[in-house]
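**Student:** Supplied in structure tokens, the structure appears directly below.
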Amino acid sequence: MKLIFTQEEANAARKIIGELRTALEGTLNQDDESALWQCFKQSVRSGQVVRDIFGLNPLLQALQTASVAVGDTGLRRDGVVAILLYKGQMLSSDVEIAKKQAAAFGPSVEKIISGLLRIQDLNKKTPVIESENFRNLLLSFAEDMRVILIMIAERVNLMRQIRDTENIQAKQRVSEEAAYLYAPLAHKLGLYKLKSELEDLSLKYLEHDAYYMIREKLNATKKSRDAYIERFITPVRQRLEEAGLKFHMKGRTKSIHSIWQKMKKQKCGFEGIYDLFAIRIIIDTPLEKEKMACWQAFSIITDMYQPNPKRLRDWLSVPKSNGYESLHITVLGPEQKWVEVQIRTERMDEIAERGLAAHWRYKGVKSEGSLDEWLANIRTALEAGDDLQVMDQFKLDLYDDEVFVFTPKGDLLKFPKGATVLDFAYHIHSRVGSACVGGRINGKVFPIRQQLRSGDMVEIITQSNQKPRQEWLNIVKTSRAKSKIRLALKETQQKEGLMAKEMLERKLKNKKTELSESVMAHTIRKMGFKVASDFYKQLAEGKLDINQVVEKYIEVRDYDLNLNAPAQTRSAEEFNFEMTSDHVPSGHDDELVIGSDLKGIDYSLAQCCHPIFGDPIFGFVTVSGGIKIHRTTCPNAAHLREHLGYRIVRARWSGKGTSQYSITLNVIGNDDIGIVNNITSIISKEEKIMMRSINIDSHDGLFEGHLTVMIEDTSRMEALIRKIRTVKGVKSVSRI
């Protein structure tokens, strides 16, 4: 339907056009007006421009928004042209055609339009507008700061126009956005007047009764309030003048929104807010005498009126993080009323009134980082009114070190600049990260190393056979992802090490040779490895020939057991122990000391009880002459002592456990989802403990598992058993 102007709308439009011509005189190009008029007519004729959900005329809104932008934010030609095009012409469904039309007005206008369209697309994702991340995302989206200024001006105008609308639901949504999104943006830019207007109007529409109650009470008390302020100021002014201070004073009434927030915070009525206004004493003094002058005024006032020490705020000695400096004191004035007094200098007042940009006007006052510098540049550009030369070149670098991206559900996440798809995956979950093979960014597939940009919608693609790699540490940016990758690599290495060890054991069995941990440790050192995990890692990766490892193992074993010199080897039955004093027990009986330096004796650990370092043990001389080491609690111990006691040799461990021994744990517990994973996870995180096999049998709601692990000694074994017992659902853990 063709848009038709009412007489009232036509009159309002003519008035605003005249005001804009005057304000923009000298900055508009010769053909700007006619070109804009052609765009407007084309949009109206094609039916692209229609009234919005509030019944408002978008072309009139464009003119009204331009008026706010010029009057309150200092925008000039490019900003105004962009507003009129965006509101009047950009409603076209063909965005590319619209961009081409914008390009006809110059690259600066095209850039602003592009930014407005980008944010329009961002709003369709409907994230939580209360989020500070979303406000920062908007700022990071706006390479040209005028995009944000136009957004604020547009929302201020809309809030002014929807007072009488019947669309209550839409009005409420717009008002909530004004309070949570646009007012904080205006505050960040130092646009305090627009910020207060947005807050007051949102309160007016969202909490109608509260707004009008406060407004009526403020109006009712204005006359008496002004009179009271004068009664308070007069004697103070006299005393300050007598002290030789150069100053001026003024009273300030709180905004309706601020009063309502204070009423809610203090849980009291309007009458309970005693600081409806504040008296400001602004002293004109050189920078080096500021503190002295402020404390002098403080002393004079507290001599005249009783101060409330609990209400003293000294932001003079330690300024706020945003640069605010002032002395605040609440005193008991005439008629026993509490009055807040703010004492500051001209420099401090300019910072308080005009935002962080004032920092840059005084030598020796440094800004508080990139935020201050950014805001200062904006305010300076706006105040200078040099829109064409300064604002056209202005680019946002405030959030250069951060990017804000969306999950498929619309949640907004923050990452450091340079973060990749893999960072995003590990942020979601470590299992998602470890299985990540790429991601869909805004619907297109990208590899794991693709860097994220603000506003991206990211979905992770996973594959079950994917596993972390060492080079991933060079792809990710966040410390969280790096630590999770390192942990995953360690777990993968342990699993691969176990598989390599099992493969080696099978090879040795084929040669009728049992794997001895002490011999294996010696073999690993002989092959130049300091750490066993590095050896098994290379074996798993195929960098070591397993046949060569087996040959080396047999060579080392033969050397350790002195099998290459049979003439010197005697049967254990006729072996005479030559014990040193360190090896002789209290009973002076012969005792076999089991350790890594034991040479010339053919001994092995019994398979029936699998003794490990720390277990009470004894030796049993076999028919072949070798010695089998048994635990004293071995199931066969009683039989051996009773029938073959003459073959038993006392034995004990020497030194400290350094080899690894095989033990099997019997675990019984509830057959719950994830319980086995929890148990194996505990084992995988333990240093110097490797799991060789696991066998699970489940029935009647219970499971019974046999876990075979490689471990150094009984103390580590007992610690491991205690940890497994803490797993929810585990009923018992015992060594077999």
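The values are calculated or read from the model by the stated rules, or taken from the named source; none is laboratory data. Values in this document were obtained by computation on a predicted structure and should not be read as measured data. With ideal geometry, Cβ positions are generated from the backbone for all residues, glycine too; neighbour counts draw on all protein chains shown. Just so you know, the surface numbers come from the protein's heavy atoms only, side chains and all, with ligands and any DNA or RNA stripped out. Shrake-Rupley method; radii C 1.70, N 1.55, O 1.52, S 1.80 Å.
**Student:** What is the number of the single condition among (1) of a type outside the set (Lys, Arg); (2) at pLDDT below 90; (3) closer than 22 Å to PHE247 by Cα that GLU335 does not meet?
**Tutor:** That leaves (3) as the condition not met.
**Student:** Right, next: Name the single residue that is surrounded by the fewest Cβ atoms within 10 Å (Cβ to Cβ) among those in segment 632-655 being among the charged types (D, E, K, R) and farther than 14 Å from LEU592 by Cα.
**Tutor:** Only one residue tops the list, namely GLU642.
**Student:** Mind listing just one residue for me: the one in segment 298-314 that is out of contact with any Lys or Arg (no Cβ under 9 Å at 6 or more places or on another chain) and of a type in the set (A, V, I, L, M, F, W, C) and, of those, nearest to HIS248 (Cα to Cα)?
**Tutor:** Checking each candidate, the answer is PHE298.
**Student:** Identify the residue in segment 641-660 that is in contact with a strand residue (DSSP E or B) (Cβ under 6 Å, 6 or more places away or on another chain) and either under 30 Å from ILE694 (Cβ atoms) or of a type outside the set (D, E, K, R) (or both) and, among all such residues, is modelled with the lowest pLDDT.
**Tutor:** GLY657
**Student:** Oh, and also: Closer than 30 Å to GLN169 by Cβ, modelled with pLDDT of 80 or more and within 45 Å of the chain's Cα centre (by Cα): does that describe GLN48? Walk me through how you get there before you give the answer.
**Tutor:** Details: closer than 30 Å to GLN169 by Cβ: yes; modelled with pLDDT of 80 or more: no; within 45 Å of the chain's Cα centre (by Cα): yes.
Judged against the criteria, GLN48 is not a match.
**Student:** Output yes when any residue across segment 318-332 is part of a helix (DSSP H, G or I) and either more than 30 Å from LYS204 (Cα to Cα) or open to solvent by less than 40 Å² (accessible area, probe 1.4 Å) (or both), and no when none is.
**Tutor:** No, segment 318-332 contains no residue that is part of a helix (DSSP H, G or I) and either more than 30 Å from LYS204 (Cα to Cα) or open to solvent by less than 40 Å² (accessible area, probe 1.4 Å) (or both).
**Student:** For segment 713-728, name all the residues that are surrounded by fewer than 17 Cβ atoms within 10 Å (Cβ to Cβ) and either of a type in the set (Val, Ile, Thr) or in contact with a strand residue (DSSP E or B) (Cβ under 7 Å, 6 or more places away or on another chain) (or both).
**Tutor:** Within segment 713-728, ILE721, ARG725, THR726 meet the criteria.
**Student:** Of the conditions (1) assigned to a helix (DSSP H, G or I); (2) modelled with pLDDT of 85 or more, ILE119 fails just one. Which one is it?
**Tutor:** Only one criterion is unmet by ILE119, namely (2).
**Student:** Checking the condition small (Gly, Ala, Ser), surrounded by 19 or more Cβ atoms within 10 Å (Cβ to Cβ), in contact with a Ser or Thr (Cβ under 9 Å, 6 or more places away or on another chain) and within 30 Å of ARG76 (Cα to Cα), which residue from SER175, SER196 passes? Even if it seems obvious, please write down each step before you answer.
**Tutor:** Numbers: SER196 fails: surrounded by 19 or more Cβ atoms within 10 Å (Cβ to Cβ).
Result: SER175 is the single residue among SER175, SER196 that is small (Gly, Ala, Ser), surrounded by 19 or more Cβ atoms within 10 Å (Cβ to Cβ), in contact with a Ser or Thr (Cβ under 9 Å, 6 or more places away or on another chain) and within 30 Å of ARG76 (Cα to Cα).
**Student:** Shifting gears a bit: Please determine whether any residue of segment 719-736 is touching a Lys or Arg at 6+ places or on another chain (Cβ under 7 Å), under 24 Å from SER516 (Cα atoms) and modelled with pLDDT of 85 or more.
**Tutor:** No, segment 719-736 contains no residue that is touching a Lys or Arg at 6+ places or on another chain (Cβ under 7 Å), under 24 Å from SER516 (Cα atoms) and modelled with pLDDT of 85 or more.
**Student:** Cβ contacts < 7 Å: first residue farther than 10 Å from ALA178 by Cβ and open to solvent by 10 Å² or more (accessible area, probe 1.4 Å), restricted to segment 151-163; second residue at pLDDT 90 or above and among the β-branched types (Val, Ile, Thr), any location; separation 6+ or different chain. Result?
**Tutor:** Close Cβ pairs (under 7 Å, with a partner that is at pLDDT 90 or above and among the β-branched types (Val, Ile, Thr)) amount to GLU154/THR65.
**Student:** Taking the residues in segment 658-712 that are assigned to a loop (DSSP other than H, G, I, E, B), out of contact with any helix residue (DSSP H, G or I) (no Cβ under 8 Å at 6 or more places or on another chain) and in contact (Cβ under 8 Å) with a residue 40 or more places away in the chain as candidates, determine which candidate is surrounded by the fewest Cβ atoms within 10 Å (Cβ to Cβ).
**Tutor:** Initially, segment 658-712 is screened for residues assigned to a loop (DSSP other than H, G, I, E, B), giving 658-660, 671-674, 686-689, 700-701, 712.
Those still in the list that are out of contact with any helix residue (DSSP H, G or I) (no Cβ under 8 Å at 6 or more places or on another chain) too: 671-674, 687, 700-701, 712.
This time we only want the ones that are in contact (Cβ under 8 Å) with a residue 40 or more places away in the chain, so: 672, 712.
Numbers: ASP672: 14, GLU712: 19.
Out of the qualifying residues, it is ASP672.
**Student:** Any idea which residue in segment 232-251 is farthest from MET292 (Cα to Cα), counting only those that are in a loop (DSSP other than H, G, I, E, B) and hydrophobic (A, V, I, L, M, F, W, C)? It would help to see each step written out before you state the result.
**Tutor:** Initially, segment 232-251 is screened for residues in a loop (DSSP other than H, G, I, E, B), giving 243-246.
When the remaining residues are screened for being hydrophobic (A, V, I, L, M, F, W, C), the result is 243, 245.
Values: ALA243: 13, LEU245: 11 Å.
Applying the filter and picking the extreme gives ALA243.
**Student:** Follow-up. Considering every residue within segment 621-631, establish whether at least one is touching a residue at least 24 places away in the same chain (Cβ under 8 Å), assigned to a strand (DSSP E or B) and surrounded by fewer than 16 Cβ atoms within 10 Å (Cβ to Cβ).
**Tutor:** Within segment 621-631, none of the residues are touching a residue at least 24 places away in the same chain (Cβ under 8 Å), assigned to a strand (DSSP E or B) and surrounded by fewer than 16 Cβ atoms within 10 Å (Cβ to Cβ).
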